[in-house]
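Readers should treat all values here as calculations from the given coordinates under stated rules, not as data from a laboratory. Quick caveat: nothing in here was measured; it's all calculated off a predicted structure. Quick reminder, even Gly has a Cβ in these numbers, built from the backbone with ideal geometry, and neighbours come from all protein chains shown.
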Amino acid sequence: MTARHDALIIGGGIVGASCALYLAQRGLRPLVLEADFVGSGATSAGMGHLTVMDDSPAQFALSAHSCKLWSDLGGKHGEQWEDDPCGTLWVAAKEDELALVASKAAFYRGQGLPVDELSAAELRQAEPELRPDLSGGLLVPGDRVIYAPKAVRWLMDQAVSLGAEVREGTWVRSLEDRKVVCDSGPVEADVIILAAGAQSSRILPSLSLEPRKGHLVITDRYPDFCRHQILELGYLQSAHEMSGESVAFNVQPRATEQVLIGSSRELVGWDKSVNRDVVSSMIERAVEYMPRLAALSVLRVWTGFRPATRDNLPFIGRWEPIDGLWIAAGHEGLGITTSLATGELLADLIVARQPRIDPGPFDPMRVVGGS
Amino acid sequence: MPKIAIRIDGRRVETDEGSTVAAALINHGIWGFRRSPQGEIRGPLCAMGICFECRVTIDGEAHRRACMEICRPDMEVATDA
Amino acid sequence: MPEPLRARVVVVGAGPAGIAAAAVAAEVGSSVLLLDEAPSPGGQIWRSGSRSRLPATARRWLDRLHRSGARVVSEATVIDAEFPPHLIVDRRGRRLDVQADCVILATGSRELFLPFPGWTLPGVLGVGGAQALSKTGVSFRDRRVVIAGSGPLLLPVAAALVRDGARVITVAEQASRQSVMAFALGLWRQPAKLLEAGRLRAAFARSPYRTGVWVERAQGDGTVSSVTLTDGSNSWIEACDILCSSYGLVPNVELAVWLGCSLHGGAVEVDEDQVTSVGSVFCVGEPTGIGGCDLALVEGQIAGLVAAGVGSRSAGLRRQRAALRRIASRMEKSFRPRGELLHALEGATTVCRCEDVAWDRLEAVTSLRQAKLYTRVGMGACQGRVCGAALQLLKGWRADRVRSPLKPCRVGEMLVEKSSGEGT
């Protein structure tokens, strides 16, 4: 089957789907090769939050722009993916974390993003289940929560309606200049996008990506137990931990009224089994912030692998050593959030349109040659 | 059979000692215990702790399977049907 | 957190199989712990409650258990397990850790439900479900009951409900007349069983027992008020207050699978000693293959004796086991759900009750895992136990992998006690 396509996307997760849609909107007819089924990887394993992150200017630019794209799309089609504009509440446990709240607020406001600083009393009112002696918090009202398995289906269906094609159950074995080799034979394209999440480094070993394992716990239905996505301020520290294991308090209300509890990070290769000790640490942390979580009924615990890069920024752009190859991978815990901006940015680079955000910080070549 | 008293949705009722909460509800004419996610009224199906369709709130705790809980004097049962 | 419990033998499930295993192992001197979900031992067939009438066999075995020295822990649900045998148990909302040298799984079975229009109406129960409600205190007096399902269970349930004063309008067996006759005739080697069947039939003599008849749909406003039955050619409506409809039993193999035991044909594989593919794990009763109470008692005793180190005493039991297994396999063949039952669903018929997923939402989906993520089928509180077996027949979807918690438990129960020296 040596067909030639104008674009080939390896990976049918939310990043691949976004690339497919934006390319299709720009007149190409991409073929998506997905190993299992659309969204079966990290896309469906994660929390589905749409959060503007301030850990670096580049991360902010990408996540803020992407959240805007989600917000525009959500306005018209949000019910397709249970879009919930619940906002994010960053929580300060102690007095000394309030300085972090203030600097975060200053940064967001400086970038034109409206935020609210909450006193301890206001925090209690916003979230009655939080421990009453927390110091305060920061509300980012524009943040949202979505149900990613439905969102990725919708994006892919839209791409298909514009001429894209999806082949599920298709495993890519290797990658060469303007060609991939699958079980069913080679497929050629002038443009190949590697968007296979943490699996990307299996296909392209020189791409420096590691699977960063996370655990999640979901409860039965408890209407109104929490109203916002809630994160401890230490979350970003945990996300930046390069080694070892860390947990950070993160809960989220689902549209089903179930409570989703995270988060954990470990580098243990591809071992997807649930680690009871890590779950215990994660829950211990969560219960410190929300004591009555301990009494809720748990239905399920699972794991997923975030694709992590050394500097916590994704790879979006050309991979010079191989003709026609582009990368859109390495989004760590922000894959859902930044998927739209990633697809738009990469598509613009591919058709040589002026990109809407600076692609420099995401250049995949920034790590070549380094260790 | 000796009787005990429990409260169902605030109403005091008598039930056999040793009967389950599900039995107490059904014997008082209540077959619908709760609502499904789309609001359909549901009641016991399997009566052996598998299906979770018989869930009620007992003494303030949600998601208790009525078919598996024995009534205790002054128990507070709240349905959602 | 309560102190961990330790025993040489831990038995999971206090139905006949578990009771027999625990009693004989303890009688021989082993330390035995018997864990059971229900408030008191008996499982389903010997379920005790405010209105249960235990048969003599049950009373004898429960007495024997009580005198054996086995420690019974009720309201205990296994939520997780690891090796060397360590069971994590939910006991009334609190975590209990149990350590053992070996584990005997006697986790029983649950009913097979096949969806049909109206099956979610309150008042629609499983056949065993109706029996369970009756034993645990529900009065069926003067209620109009239709029993429409499959298997030998229809008889004792019909008899019991009639004895409780119910008006059993009709008993409908979906298997054909030939299948049922063939099964009954095959019981000639067990005249006691034939006699029992006859006695049971006589107990609800005033209600018709019809073969080759099944449910088309149930109707009602708020609760069930009638059922449409069919024999494939004609359909008719019976008014009723209660509809009992289930189609045989599904082994509860989740804990066995979680412990790594291999399955064959959906049941746990065991050797002559009732040992699974995992050396320290035995399995007895229904999870090794649906076979009824007598077989469960025999298998339980064999495992209990072997676990206690005196397996040589089980020779007679092994002969009994062979005979009972032959009956069991014929029963399975005779009462297999007919194809028409798999076509009773309409587009709007709920398949996953926990998450309200209708049949037509599963049309475009090709695998169970995909269905779970896109529609939430099987992702609710029952953890796929009700819809899973039906979907296996309806779609050919094999069960997804087992996860912990094996049953819902409190978040706090997943906290592991820190070993000394860690933290404060």
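About the Cα centre, and with charges only on the beta carbon of Lys, Arg (+1) and Asp, Glu (-1), how big is the dipole of segment C:124-271? Nearest 20 debye, please. Intermediate values should be presented prior to the final figure.
Details: 14 positive and 12 negative charges, 135 e Å.
Once rounded to the nearest 20, the dipole reads 640 debye.
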J(HN,Hα) series, segment A:67-73, from Karplus relation 6.51 cos²θ - 1.76 cosθ + 1.60, nearest Hz, glycine and proline x: 5, 5, 4, 5, 5, 4, 5
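Give me D for segment C:222-372 in µm² s⁻¹, whole number, from Stokes-Einstein with Rh from the Kirkwood sum over alpha-carbon pairs, 4 °C and 1.567 mPa s. Please report the intermediate quantities before stating the final value.
Values: Rh = 18.9 Å.
So the translational diffusion coefficient is about 69 µm²/s.
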Residue among C:381, C:348, C:405 farthest towards the positive dipole end of segment C:345-418, charges placed on Cβ: C:405
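At a threshold of 8 angstrom on Cα-Cα distance, excluding pairs fewer than six apart, so keeping six or more, what relative contact order does chain A reach in percent?
On the way: 866 pairs, mean separation 90.7, N = 371.
Averaging sequence separation for qualifying contacts and normalising by length gives 24 percent for chain A.
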Convex hull volume of chain C per residue (C-alpha atoms, cubic angstrom): 149
Cα long-axis angle, helix A:148-161 against chain A (0 to 90 degrees, to the nearest 10): 30
Between segment A:255-312 and segment A:53-116, the Cα center-to-center distance that results, in Å: 22
Farthest toward positive dipole pole in the protein assembly as shown [+1 Lys/Arg, -1 Asp/Glu at C-beta], among C:292, A:138, C:76: C:292
Dipole of the protein assembly as shown, positive end: most advanced residue of C:129, A:305, A:267 [Cβ charges, Cα centre]: C:129
Rounded to whole Hz, the Karplus (6.51, -1.76, 1.60) HN-Hα couplings of segment A:32-45, x for glycine and proline: 9, 9, 10, 5, 10, 10, 3, x, 6, x, 4, 3, 8, 8
For segment A:74-119, the spread of Cα positions along each principal axis, largest first, Å: 41, 24, 13
Alpha-carbon centroids, segment C:356-424 and segment C:281-307: separation in whole Å: 28
Alpha-carbon Rg with Dmax, taken over the protein assembly as shown, Å: 29.5, 89
Degrees between helix A:335-350 axis and first principal axis of chain A (Cα, 0 to 90, nearest 10): 30
Under 18 Å from the Cα of residue A:272 - aspartates and glutamates, other chains or at least 8 residues apart: A:36, A:210, A:245, A:332, C:80, C:82, C:400
For segment B:62-76, 3J(HN,Hα) per residue [Karplus equation, 6.51 cos²θ - 1.76 cosθ + 1.60, θ = phi - 60°, Hz, x = Gly/Pro]: 7, 6, 8, 7, 5, 6, 10, 10, 7, 5, 10, x, 6, 4, 9
Total charge dipole magnitude, the protein assembly as shown, about the Cα centre, Cβ charges on Lys, Arg, Asp, Glu only, Debye to nearest 20: 3760
Span-rule helices in chain C, defined as complete DSSP H runs reaching 15 Å or more along the axis (Cα) with Kyte mean at least 0.5: C:16-27, C:292-307
Helix A:98-110 vs. chain A, principal-axis angle (Cα, 0 to 90°, nearest 10): 50
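How many partner chain Cβ atoms sit within 10 Å of a residue's Cβ in peptide B:58-66, on average, as a whole number?
Details: counts 0, 0, 0, 4, 7, 9, 2, 3, 0.
Mean partner-chain Cβ count within 10 Å for B:58-66: 3.
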Cα convex hull of chain A, projected area averaged across orientations, nm²: 17.3
Which of C:418, C:372, A:213 has the fewest Cβ neighbours within 10 Å, and the rest in rising order: C:418, C:372, A:213
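If you place +1 on the Cβ of every Lys and Arg and -1 on the Cβ of every Asp and Glu, how big does the dipole about the Cα centre of segment C:345-418 come out, in debye to the nearest 20?
Values: 13 positive and 8 negative charges, 71 e Å.
Computed about the Cα centre, the dipole is about 340 debye.
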Mean-position separation - Cα centroids, segment C:247-268 and segment C:87-138, in angstrom: 15
